[in-house]
Amino acid sequence: MSHPTTAHAATVEFTAALVRSSQLGQGGTTATLTLGGFHTSRTGGSGSRPGRFYQPAGAYGPLAARLGTLSAGEVLTGTAAFHLNQTGLTLLIEEVARVAPDPARLINDNGGGILLRDGWLGTRARGKLMSKPHLMRLEDDTPICNATLGMTPRRRPEDTPENRPPLIPIELAVYGPDALRFAALEAGRYLVVSGALQRRLISASKQRRPRIEVDHYEALHLERALL
């Protein structure tokens with residue numbers, strides 16, 4: 001894909017280990033990998049448990065050629081964009097650096113992969129609520145509010161005003177007292193959210209979808225949000 005569909009005004013920051021060796025695609029212009037670790041901080045109330053994370057990611061062009069040769073256990077830090085492809089929403093790495101090796105920071109998982117003990121996978125995204133937030137309570141009575149944020153795709157050379165790609169959806173989860181306030185927002189409201197990035201298991205399809213465990217949000221100005 002020469003011009004991947006990526007989200008505008010959304011940035012993912014990560015410090016994580018390569019769970020397994022990265023894979024270089026045919027022709028050396030694409031690379032696929034999985035970032036893994038344990039979040040160093042947890043967001044929300046008692047119901048929020050980000051814990052360990054596994055996040056598929058990829059890269060294009062010259063960066064892919066460099067990433068595609070790295071082995072399992074390499075620790076990387078950098079930034080990425082949300083990238084929509086045939087398999088769903090994943091990460092497109094845009095800037096990355098190798099971290100100094102320290103075996104004490106690595107741990108083997110039960111499946112033969114490697115995780116970073118003190119990793120981080122967080123995001124800041126801007127978009128609009130695609131539906132009215134849904135408020136529930138967990139077994140311990142912690143409020144949780146679920147919603148879907150629609151992120152605007154970056155403009156591509158082939159896009160025209162008549163042929164704009166649809167919004168890129170991502171799930172949100174807000175816990176605790178913030179969930180009660182979040183539930184009062186209406187569909188269509190523009191927001192900025194930040195928090196830990198997770199991949200939620202959907203039992204019906206047995207697939208995992210990315211979700212932001214929101215630890216902070218701001219409702220934007222109704223008339224002139226952007227300066």
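Any read-out appearing in this document is the output of simple, stated calculations on the displayed coordinates, not a laboratory observation. Keep in mind that what you see is a predicted model, and the values were worked out from it rather than measured. Every residue, glycine as well, gets a Cβ built from its backbone with ideal geometry; the counts of neighbours run over all protein chains shown.
What nm distance separates the two modelled labels at Thr87 and Thr32, each placed 7 Å from Cα along Cα→Cβ?
For Thr87 paired with Thr32, the spin-label model returns 0.4 nm.
Of the DSSP beta bridges with both residues in region 94-227, give the percent that are antiparallel, rounding to the nearest 5. Could you put the intermediate results ahead of the total?
Values: 36 of 40 bridges.
If I count the DSSP bridges inside region 94-227, around 90 percent turn out antiparallel.
Suppose we keep just the DSSP beta bridges with both residues in region 161-227; what percent of those would be antiparallel, to 5? Mind showing how you got there, number by number?
Values: 12 of 16 bridges.
For region 161-227, the DSSP antiparallel bridge percentage is about 75.
Could you work out [θ]222 nm for the chain from helices alone, using -39500 (n - 2.57) per DSSP H run of at least four and dividing by all its residues? Round to the nearest 500 deg cm²/dmol. Display every interim value, and only then the final one.
On the way: 2 runs with 13 residues, N = 227.
Dividing the helical sum by the residues of the chain leaves -1500 deg cm²/dmol.
Rounded to the nearest 0.05, what FRET efficiency is calculated for Val99 and Gln23 with R0 set to 25 Å and r the Cβ-Cβ distance? Could the numbers behind the result be given before it?
Values: r = 21 Å, r/R0 = 0.83.
My answer for the efficiency is 0.75.
Mind telling me which of Ala97, Ala65, Ala31 comes out most flexible in a GNM of the chain, alpha-carbon contacts under 10 Å?
Ala97
Considering the dipole of the chain built from charges on the beta carbon (Lys and Arg +1, Asp and Glu -1) around the Cα centre, which of Phe14, Leu167, Gly119 is farthest to its positive end?
Leu167
Below 8 Å, C-alpha to C-alpha, sequence gap of six or more: please give me the relative contact order for the chain in percent.
On the way: 589 pairs, mean separation 50.2, N = 227.
Relative contact order here is 22 percent.
Can you give the relative contact order of region 87-146 as a percent, counting alpha carbon pairs under 8 Å and 6+ residues apart? Provide the component values of the computation, followed by the final result.
On the way: 28 pairs, mean separation 9.1, N = 60.
Relative contact order of region 87-146: 15 percent.
Give me the Kirkwood hydrodynamic radius of region 100-196 in Å, from all C-alpha pairs, to one decimal place?
Details: mean 1/r = 0.0607 Å⁻¹.
For region 100-196, inverting the mean 1/r across all distinct Cα pairs yields 16.5 Å.
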